[in-house]
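Asks: Could you have a look at this structure, given as structure tokens, before my questions?
No lab work stands behind these numbers, since they all come straight from the coordinates. All of these numbers come straight from a predicted model, not from anything done at the bench. Because the Cβ atoms are built from the backbone with ideal geometry, glycine has one as well, and the counts that use them run over all protein chains shown.
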Amino acid sequence: MQDSSTVKIRQARISDVEDLVRVDIAQYSDMTADFAENSNISAMFARRISNTPGWFWVALVDGRIEGLLSTCPTTHSPEGFVSWEKCTNNGTLDGIFDERADFLYGVALTVTAKGGAAGVTKALLAAGLARFFSSEKRTLYLSGRMPGYHKVADEVSPQEYYDAQVTVRGQRVARDPQVRMYERLGFRRAGLVPGGFAVDHESAGYGVLLTMENPFREGVRPEMLNAMCERIAKQDDGPAWLTALS
Ligand SMILES: CC(C)(COP(=O)(O)OP(=O)(O)OC[C@H]1O[C@@H](n2cnc3c(N)ncnc32)[C@H](O)[C@@H]1OP(=O)(O)O)[C@@H](O)C(=O)NCCC(=O)NCCS
């Protein structure tokens, strides 16, 4: 249930760094601390903001930053993905950003509990996906997490957990809620990557490689628009961003 707060989306600025660190710590807590042992988080965000003009959004709820979505055009392909750390140059994106590249990498989506309640996740995703669809980029990809894995790590292997399905509202879907979230948005799973996000102990350090092709890169195809409009009209379980954009 969404509350009645005012949500505003804009590009990140250098003066936001302190707020971005606060949002990161609110969601990652001890993982931020582990990462910070080898890295300066404030400097990392500052480098990232200046490296990705036009591709880093923040969400303000009643004037305060409660979420971020950071992406990066890159020549690094999903097939060559090794880890978040490598793909982002330890989060800084130094030497990674290439505005003309075919690929768009999803660096981070982080939203506080307050932001989640105000509908910030959908608003950020709508802004980022609209930018992706209207760009010439071919593929959007990201290394997602399996934040539910640590609760059952004694019983199943990461691969078994990744492969497992559960029934939700009559549909067979991924066992992990975050993998479900991305699949509902239209991402496809491309594999489980050991060491894909080393500090993420909830996912045992594994990354879930998720990809989405840009359906509009070659121009809008009428049958695709029709199919999307039908899904919106039916109000079924179509991708959440369609609802956010409509
Ligand atoms: C991912 C994130 C932005 C979602 O925020 P939110 O909108 O407040 O999240 P919600 O709790 O409403 O979750 C949205 C959906 O995703 C699922 N989900 C996403 N991340 C989840 C997590 N860490 N734990 C449990 N569920 C999660 C929820 O189950 C929910 O699915 P549902 O609608 O079927 O119930 C937020 O949890 C976050 O910042 N997490 C830490 C950073 C992260 O994992 N980012 C994504 C990896 S790139």
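Asks: Restricting attention to segment 178-199, does a residue exist that is part of a loop (DSSP other than H, G, I, E, B), β-branched (V, I, T) and under 21 Å from S134 (Cα atoms)?
Replies: no
Asks: Grab the strands (runs of 3 or more DSSP E) fully contained in segment 60-152, keeping just those with 2 or more residues being crowded, with 17+ Cβ neighbours inside 10 Å and more than 14 Å from the chain's Cα centre (by Cα).
Replies: Because the criterion is at least 2 residues that are crowded, with 17+ Cβ neighbours inside 10 Å and more than 14 Å from the chain's Cα centre (by Cα), the strands (runs of 3 or more DSSP E) in segment 60-152 that meet it are 64-74.
Asks: Just one of T110, T121 is in contact (Cβ under 8 Å) with a residue 60 or more places away in the chain and among the hydroxyl-bearing types (S, T, Y); which is it?
Replies: One residue alone meets the criteria, T110.
Asks: Related question: Would you please name the residue that is farthest from the ligand (Cβ to nearest atom), looking only at residues in segment 153-177 that are part of a loop (DSSP other than H, G, I, E, B) and touching a residue at least 40 places away in the same chain (Cβ under 8 Å)?
Replies: Filtering segment 153-177 for residues that are part of a loop (DSSP other than H, G, I, E, B) and touching a residue at least 40 places away in the same chain (Cβ under 8 Å), the one farthest from the ligand (Cβ to nearest atom) comes out as A153.
Asks: Now for a different question. Yes or no: segment 203-211 includes at least one residue that is farther than 17 Å from L109 by Cβ, touching a helix residue (DSSP H, G or I) at 6+ places or on another chain (Cβ under 6 Å) and either among the small types (G, A, S) or in a strand (DSSP E or B) (or both).
Replies: Among the residues of segment 203-211, at least one is farther than 17 Å from L109 by Cβ, touching a helix residue (DSSP H, G or I) at 6+ places or on another chain (Cβ under 6 Å) and either among the small types (G, A, S) or in a strand (DSSP E or B) (or both), which makes the answer yes.
Asks: Moving to a separate point now. Answer yes if at least one residue in segment 50-58 is more than 12 Å from the ligand (Cβ to nearest atom), in a strand (DSSP E or B), under 25 Å from K8 (Cβ atoms) and not β-branched (V, I, T), and no otherwise.
Replies: Within segment 50-58 (the criterion being more than 12 Å from the ligand (Cβ to nearest atom), in a strand (DSSP E or B), under 25 Å from K8 (Cβ atoms) and not β-branched (V, I, T)), the answer is yes, since at least one residue qualifies.
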